[in-house]
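Below is one structure, written out as structure tokens, with a few remarks after it.
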Amino acid sequence: MIQAATNKSESFNGFTQWISFGNNGIISENNRDEQRKIIKYNHLVANLLIFHTVHSLSQILAEFESKGITVDREALSIMCPYQTEHINRFGDYRLDLARRPPPLDAGLRWNLQNEFVQ
């Protein structure tokens, strides 16, 4: 149990380091408040990317469920929100601030046996 928690923590730390790639992840500020701000902003970006990934995975799982496709527990257990393959760190992103995001379906739940429940 302790090892599992440590692995999750290390995975998150590795993900945030991957996100903070500028200057090789080195914070060059010598001001403690500025250092904390950089770390908090990095964690904010990490959490936004994790939220996006989990939301996308939830939509895909809901689509599978609506088509009658079952996903076994082993497949769910290896899913990780710290994915980097779909993130383009060097891209040119254009934001449409008028675009409304799709609503979140808070009714999607997975019970302890990792089976879909409403």
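The values are calculated or read from the model by the stated rules, or taken from the named source; none is laboratory data. If you're wondering where the values come from, they're calculated on a predicted model, not measured in any experiment. Here the Cβ is made from the backbone with ideal geometry for all residues, glycine too, and neighbour counts use every protein chain on show. Protein only, heavy atoms only, side chains kept; ligands, DNA and RNA dropped before computing areas. Shrake-Rupley method; radii C 1.70, N 1.55, O 1.52, S 1.80 Å.
Relative to the longest principal axis of the Cα atoms of the chain, the long axis of helix 32-66 makes an angle of roughly 20 degrees.
Solvent exposure of the stretch 45-88 amounts to 70 Å² per residue of accessible area, where only protein heavy atoms count and the probe is 1.4 Å.
Given the options Arg73, Arg100, Arg36, state which has the largest fluctuation in a GNM of the chain using a 10 Å cut-off (strictly under) for Cα springs. It is Arg100. All C-alpha to C-alpha distances of the chain, sorted into 10 Å bins beginning at zero, yield P(r) values of 10, 32, 33, 19, 5, 0 percent in whole numbers. Per the 1.4 Å probe, what fraction of the accessible area of the chain, in percent, lies on carbon and sulfur atoms? Carbon and sulfur atoms account for 54 percent of the accessible area of the chain. For the chain, a Gaussian network of Cα nodes joined below 10 Å ranks Tyr41, Tyr82, Tyr93 by mean-square fluctuation, and the top entry is Tyr93.
Which listed residue (Tyr82, Pro102, Phe64) has the Cα farthest towards the positive end of the charge dipole for the chain, taking +1 on Lys and Arg C-beta and -1 on Asp and Glu C-beta about the Cα centre? Toward the positive end, the furthest listed residue is Pro102. Against the main long axis of the alpha-carbon atoms of the chain, helix 2-19 sits at an angle near 60°.
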